[in-house]
1. Taking 7 Å along the Cα-to-C-beta vector as the label spot, tell me the residue 40-residue 64 distance in nanometres, rounded to one decimal.
2. Which order, highest average first, do 41-47, 56-62 follow once you tally other Cβ atoms within 10 Å for each residue and take the mean per peptide?
3. So what is the calculated 222 nm ellipticity per residue for the chain, using -39500 (n - 2.57) for each DSSP H run with n of 4 or more, over all residues, to the nearest 500 deg cm²/dmol?
4. Using +1 on the beta carbon of Lys and Arg, -1 on that of Asp and Glu, and nothing else charged, what's the dipole of the chain about the Cα centre, debye to 20?
5. Rounded to two decimals, what ratio of Rg to Rh does the chain give with C-alpha atoms and a Kirkwood Rh?
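Any read-out appearing in this document is the output of simple, stated calculations on the displayed coordinates, not a laboratory observation. Worth saying up front: this structure is predicted, and the values here are computed from it rather than measured. Positions of Cβ are generated from backbone atoms using ideal geometry, with glycine treated the same way; all protein chains shown enter the neighbour counts.
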Amino acid sequence: MRLAILGVGLIGGSIARAVRAARSAGGDDPFESITGWSPTGRGSAAALADGLIDKVGGSLAGAVEDADLV
């Protein structure tokens, strides 16, 4: 399943961090990839650099294009 997080600021970043924490703790992680998008691009770039998301959506439509859950 692919997850798209729109707005990778405090709330979106916290969601991504929780998913990653479950993954690293060996918990149930149904997401094969996480795409992040933010209006300015700064939040998603920071989340990518921190390893919270797998890729940055180039546009809003591009971020949700293949997502199973937004």
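1. 2.3
2. On the way: 41-47: 18.7, 56-62: 13.9.
Sorting 41-47, 56-62 by mean packing, highest first, produces 41-47, 56-62.
3. -11500 deg cm²/dmol
4. Roughly 280 debye for the chain.
5. 0.94
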